[in-house]
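What follows is a structure written as structure tokens; I'll ask about it next.
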Amino acid sequence: MNTRLLTRASLVVLAVLTGLYLVAPVFIVIPTAFSDSSFLAFPPEEWSLRWFSSYFEDPTWISATVSSLRIGVLVTMCSVVLGTLAALAMVRGRYPLRVFVGGLVLAPVLVPYVVIGLAVYALFLRIGLTQTTLGFVLVHTSLAVPFVVINVSSALVSFDRRLEMAAMSLGANRLSTFLRVTLPLIAPSMAAGALFAFITSFDEVVTSIFLAGPDLTTLPVQMWSGVRVQIDPTVAAVSTMMLLVTLSLFAAAGIARAARNRRLNRSL
């Protein structure tokens, strides 16, 4: 019994230490964002909001943020539609080379993003899609679709097909059954996939570097330029805001899922 408790305590300590190791940079970036120094300095000697003001007053940062938000929303919509259809085909489809198609859909997760960015740049430069919203949406959608597929596929695998059979036995056609029975039940997984798709697009920097330029730059690329070209503490302020937005989205998703589970438990 003591050995079991000791093992469990050791695992808890290991998990806590691993978590602290992963979030340690955050404890440096956030205080740096509130520094009054003209350079990245930790710990801050004086506290100020000047770098947050610099972000909101600089049209370059605002333009990059708006571009990232616009691209992220478009990528999310495209990824949810394509990812849901792909998940349905992978889980319920019966056709030759189904495993190969599934691997092809999930390939962007396995291929290094540098390779994807270089290949896309070589292709898009020929057809004029660099520095365009369409080019960003196409590339980011290919990177985000696998996350939607994974989430929706897990819901479809555990889905009770008898609910669909009951609906069709009562006169519903396949489309009506999907819209009224299947879709509402897999909607939480679709929402989770949409969240991951948006974050994937909004945070993507490797492939975006190959596509960005003076005409169109995303926020991560602008942050990369702020670190590579000049040490701009505004990057720390932007990183802090992005971190808060990401945590807020995950918290909202968790609260929504918990509320849904409570409603389901009450209905049962």
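From the set of residues in region 79-97 that are free of Cβ contacts under 8 Å to residues at least 12 places away in the same chain and surrounded by 13 or more Cβ atoms within 10 Å (Cβ to Cβ), which is farthest from F178 (Cα to Cα)?
Here the residue is V81.
So which of T132, T141 is at pLDDT 85 or above and under 25 Å from A87 (Cα atoms)?
Within the list T132, T141, the selection yields T141.
Going by the conditions given, is V73 part of a helix (DSSP H, G or I) and either free of Cβ contacts under 8 Å to residues at least 40 places away in the same chain or touching an Asp or Glu at 6+ places or on another chain (Cβ under 9 Å) (or both)?
Considered against the rule, which asks whether it is part of a helix (DSSP H, G or I) and either free of Cβ contacts under 8 Å to residues at least 40 places away in the same chain or touching an Asp or Glu at 6+ places or on another chain (Cβ under 9 Å) (or both), V73 comes out as no.
Still on this structure: Out of all the residues in region 186-195, which are farther than 21 Å from T133 by Cβ and buried (at least 19 other Cβ atoms within 10 Å of the Cβ)?
I186, S189, M190, A192, G193, L195
To keep it simple, each residue is scored yes or no on (1) modelled with pLDDT of 85 or more; (2) in contact with a Leu (Cβ under 7 Å, 6 or more places away or on another chain); (3) not hydrophobic (A, V, I, L, M, F, W, C).
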site: R8; (1), (2), (3): no, no, yes
site: L14; (1), (2), (3): yes, no, no
site: F27; (1), (2), (3): no, no, no
site: S38; (1), (2), (3): no, no, yes
site: F42; (1), (2), (3): no, no, no
site: E45; (1), (2), (3): no, no, yes
site: L49; (1), (2), (3): no, no, no
site: R98; (1), (2), (3): no, no, yes
site: G102; (1), (2), (3): no, no, yes
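Of these, S201, S176, which one is surrounded by 18 or more Cβ atoms within 10 Å (Cβ to Cβ), assigned to a helix (DSSP H, G or I) and not aliphatic (A, V, I, L, M)?
From the options S201, S176, the qualifying one is S201.
So, in region 172-194, exactly how many residues are farther than 30 Å from L125 by Cα, touching a residue at least 24 places away in the same chain (Cβ under 8 Å) and not polar (S, T, N, Q)?
Qualifying residue count for the region: 7.
While we're here: Give the residue that is surrounded by the most Cβ atoms within 10 Å (Cβ to Cβ), with candidates limited to residues of region 1-36 that are aliphatic (A, V, I, L, M) and touching a residue at least 24 places away in the same chain (Cβ under 8 Å).
A33
Restrict the check to region 123-132 and report whether at least one residue is in contact with a Cys (Cβ under 7 Å, 6 or more places away or on another chain), in contact (Cβ under 8 Å) with a residue 40 or more places away in the chain and surrounded by 18 or more Cβ atoms within 10 Å (Cβ to Cβ).
no
Another question, then. Just to be sure before I move on: is T76 at pLDDT 90 or above and surrounded by 14 or more Cβ atoms within 10 Å (Cβ to Cβ) in the structure I sent?
Spelling it out, T76 is indeed at pLDDT 90 or above and surrounded by 14 or more Cβ atoms within 10 Å (Cβ to Cβ).
Okay, moving on. Which members of region 154-173 meet the condition of being more than 24 Å from M77 (Cβ to Cβ), assigned to a helix (DSSP H, G or I) and under 26 Å from the mean Cα position of the chain (by Cα)?
V157
The values are calculated or read from the model by the stated rules, or taken from the named source; none is laboratory data. In this text the structure is predicted, and so the values were computed from the model without any measurement. Note: ideal-geometry Cβ built from the backbone for every residue, glycine included; neighbour counts use all protein chains shown.
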